[in-house]
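Scroll down for the structure; my scribbles are underneath it.
The values are calculated or read from the model by the stated rules, or taken from the named source; none is laboratory data. Treat the numbers as computed from the prediction; the structure is a model and nothing was measured. Neighbour counts run over all protein chains shown; Cβ positions are idealised from the backbone, glycine included.
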Amino acid sequence: MKITTRHWLLKSAILLSLSASLSAAETGETKQTTVIKNLKGYTVNQGELVTFNAIQFTNNKIDKLFTTQVSEQLTKEIRVIDAGGKTMLPGLIDAHGHVLGWGLNLMRTNLRGSRSEDEAVTRTIEFRTHNPELSWIQGRGWNQVLWPTQTFPTAATLDKHFPNTPVWLRRVDGHAGWANTAAMKLANIDRDTQAPEGGEIVRTKTGEPSGVFIDNAMSLISRAIPALSVAEQETVLKTAMTDLARLGLTSVHDAGVGSDTVTAYKNLADKNEMPVRVYAMVAVGDPHFSAIMAKGPYHHASGMLDLSSVKISSDGALGSRGAALIEDYSDLHGHKGLLLHSDKQLKKYMLTAMQAGFQVNTHAIGDHANKLVLDAYEDLIQETNTKALRHRVEHAQVLRLDDIPRFAELGVIASMQATHATSDKNMAEDRIGPNRIKGAYAWHKLLQANAVIAAGSDFPVESANPFFGLHASVTRQAHNNQPANGWYPDEKMTVTQALNSFTVAAAYSAHQEHSIGQLAPGMKADFILIDQDLVKGNPQMIWQTQVLETWINGIKVFDIASQPTKNL
Ligand SMILES: [Zn+2]
């Protein structure tokens, strides 16, 4: 076989990345053993809370946990870190988020609260100095009602500072956008451009577009914004993952990625530039879906990237009444929501993925969607003999009580987002009424029925902060401690159950429970240090937990001591 230069390059790139995951003995790299002592350590094993006060790890793997004082047993070669009584948890795992979306939010200038058009422009200039690589500058949050002029901004104020770089800034409500002339030029907009129906182009006295586009007219600009290149995606993903590590996450499941994003992840993993572990679900609508299936599951040698699941959406969301219900919406007679695929199409997607050896993760929110997905799983798991793949229902939000035991029976994981319950509580009850609510966000009923609940946040829909999720799991309250005893308090989780759902169960839902999710001998040294005792402290304070340090593979990837303070 002829070996081309490209093959050689590829090979050497793979070898480089391997060095991070091979053991010290294999690479000749020095062995470093570390003990972190004086801890309040917690980890969940077989559903029980395990406590420890010191941990020893060598390179990326845990050697042992200590439950007694360790000082006398240590040799000189061991690096000893005194944690000063801080709390240690396993690195937290978010089983459902959107990494690119989180990163894009971080890479847009935030104009919220700006007090004048000039201040909005100044913030955009400042943002540009930190993000010189972006081809378009995008932002959000301005509100002219808060400005002294109370009038819409114009392209002219942006043009002074951005004569050549296109700028597109959305209003706080997302219903208007402010463009500069460079952006309008790229979008081929001039005085003759007409607004589409349901939209308006704001014009100057002389009839020129002023720079502000309202509602449907916003698409005239947004469609001119090029899709991100793979290299740009790498930057966005890395920015997002760095931020997720800051929040105490050491692994995230990316719920629906396209083939470009897969390439970007693979490039980052090859360059050894993955700040956190990613378990990616391939989006079923991607044009290269079949090709990815044909190649089979993929696991990067570094252990930082896995691609062995797919994401299918079966219905919409409850807030917009897109979730598919069996009976009418309680607040909209004659409306039952919407299924996104015919049963035949849904099963075809599932079958393709199962036959290719991929775990199938299907979004289902309404009780109708959940029932259909469970029905389809029941048939197809048997047909393909893939119970061991641990297929999942993403959200599993509104369930018929009869469907709750089916999760454990079929070995199907409920991938749920605790903060959805506290964000949705009032709206959800309006939509589905007092009876169906009994099977909604029903964590306790599912756990009682032996279901595995993998916890996530659905960031950026909700905050990626896992302590918001742990807090919601345990209290079923908003941050203002309402409602008093929690919303449908019978469905609360214990602290141990909540921690389990963000660690062991989330790892299990990605077939990773033998390497992460738990602090135990032989497991990866992924852990965090936090500023309060989650188990013994006041549950209502959990959401305020501050992550002090995040360690992945025995390496500190975040240290609050070396960071400027940021808002959550
Ligand atoms: Zn999602």
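Scanning the range 101-135 for residues that are crowded, with 18+ Cβ neighbours inside 10 Å and more than 28 Å from His253 (Cβ to Cβ) returns Thr109, Leu111, Ser114, Glu117, Ala120, Val121, Arg123, Thr124, Phe127. Test Asp490 against the criterion of being among the charged types (D, E, K, R) and either within 16 Å of Gly47 (Cα to Cα) or without any contact (Cβ under 8 Å) to a residue 60 or more places away in the chain (or both), and give yes or no. Answer is yes for this residue. Taking the criterion of being of a type in the set (S, T, N, Q) and more than 16 Å from the ligand (Cβ to nearest atom), the residues of the range 316-358 that qualify are Ser330, Ser342, Gln345, Thr352, Gln355. Ile437 meets each of the listed conditions (1) β-branched (Val, Ile, Thr); (2) in contact with a Pro (Cβ under 7 Å, 6 or more places away or on another chain); (3) within 24 Å of Gly337 (Cα to Cα) apart from (2). Say whether the condition of being among the charged types (D, E, K, R), crowded, with 22+ Cβ neighbours inside 10 Å, modelled with pLDDT of 95 or more and at positive phi is met by at least one residue in the range 474-492. Checked against the condition, which is being among the charged types (D, E, K, R), crowded, with 22+ Cβ neighbours inside 10 Å, modelled with pLDDT of 95 or more and at positive phi, the range 474-492 yields at least one hit. In this structure, does Leu100 turn out to be among the hydrophobic types (A, V, I, L, M, F, W, C), touching a helix residue (DSSP H, G or I) at 6+ places or on another chain (Cβ under 8 Å), within 16 Å of the ligand (Cβ to nearest atom) and at pLDDT below 95? Spelling it out, it is not the case that Leu100 is among the hydrophobic types (A, V, I, L, M, F, W, C), touching a helix residue (DSSP H, G or I) at 6+ places or on another chain (Cβ under 8 Å), within 16 Å of the ligand (Cβ to nearest atom) and at pLDDT below 95. Figure legend. Inter-residue proximity from the range 316-338: first residues touching a residue at least 12 places away in the same chain (Cβ under 8 Å), second residues surrounded by fewer than 14 Cβ atoms within 10 Å (Cβ to Cβ) and basic (Lys, Arg), beta-carbon distance below 8 Å, spacing 6+ or different chains. No pairs are indicated. Residue check: Val310 meets all listed conditions (1) within 16 Å of the ligand (Cβ to nearest atom); (2) over 15 Å from the mean Cα position of the chain (by Cα); (3) under 30 Å from Lys425 (Cβ atoms); (4) surrounded by 22 or more Cβ atoms within 10 Å (Cβ to Cβ) but one, namely (3). Taking the range 379-410 as the range and being closer than 17 Å to Ala255 by Cβ, surrounded by 24 or more Cβ atoms within 10 Å (Cβ to Cβ) and away from the ligand (no atom under 16 Å from the Cβ) as the test, only His391 passes. Per this entry, Pro275 is not counted among residues that are away from the ligand (no atom under 16 Å from the Cβ), more than 20 Å from Gly554 (Cα to Cα) and outside any helix (DSSP H, G or I).
Among the conditions (1) surrounded by fewer than 24 Cβ atoms within 10 Å (Cβ to Cβ); (2) at positive phi; (3) of a type outside the set (A, V, I, L, M, F, W, C), Tyr441 misses just one, which is (1). Contact annotation: residue pairs with Cβ atoms under 8 Å, 6 or more positions apart or on different chains, pairing a residue in the range 113-140 that is in contact (Cβ under 8 Å) with a residue 40 or more places away in the chain and closer than 21 Å to Phe213 by Cβ with a partner that is β-branched (Val, Ile, Thr) and outside any loop (DSSP other than H, G, I, E, B), are Glu117/Thr157; Val121/Thr157; Thr124/Thr109; Thr124/Ile137; Thr124/Val167; Trp136/Val167; Gln138/Thr109; Gln138/Val167.
Cβ separations smaller than 8 Å between residues 6+ apart or across chains give the following pairs from the range 217-241 residues that are among the basic types (Lys, Arg) to residues that are assigned to a helix (DSSP H, G or I): Lys238/Gly103; Lys238/Leu268. Of all residues in the range 395-413, those satisfying the criterion of being aliphatic (A, V, I, L, M) and either touching a Gly at 6+ places or on another chain (Cβ under 9 Å) or within 19 Å of Gly316 (Cβ to Cβ) (or both) are Ala396, Val398, Leu399, Leu401, Ile404. Scan the range 69-79 and give yes if some residue there is more than 16 Å from the ligand (Cβ to nearest atom), under 30 Å from Ile413 (Cα atoms) and not aliphatic (A, V, I, L, M), otherwise no. No, the range 69-79 contains no residue that is more than 16 Å from the ligand (Cβ to nearest atom), under 30 Å from Ile413 (Cα atoms) and not aliphatic (A, V, I, L, M). Screening the candidates Ala376, Ala418 for the property of being surrounded by 20 or more Cβ atoms within 10 Å (Cβ to Cβ), within 16 Å of the ligand (Cβ to nearest atom) and either modelled with pLDDT of 95 or more or aromatic (Phe, Trp, Tyr) (or both) yields one hit, Ala418.
Taken over the range 193-247, the criterion of being within 16 Å of Val276 (Cα to Cα), of a type in the set (Gly, Ala, Ser) and in contact with a helix residue (DSSP H, G or I) (Cβ under 6 Å, 6 or more places away or on another chain) is satisfied by Ala240 alone.
Being under 8 Å from His98 (Cα atoms) and small (Gly, Ala, Ser) is the filter; apply it to the range 249-265 and report the residue that is farthest from the ligand (Cβ to nearest atom). Among those residues, the one meeting the criterion is Gly256.
Checking each residue in the range 450-471 for being within 14 Å of the ligand (Cβ to nearest atom) and among the aromatic types (Phe, Trp, Tyr) picks out only Phe459.
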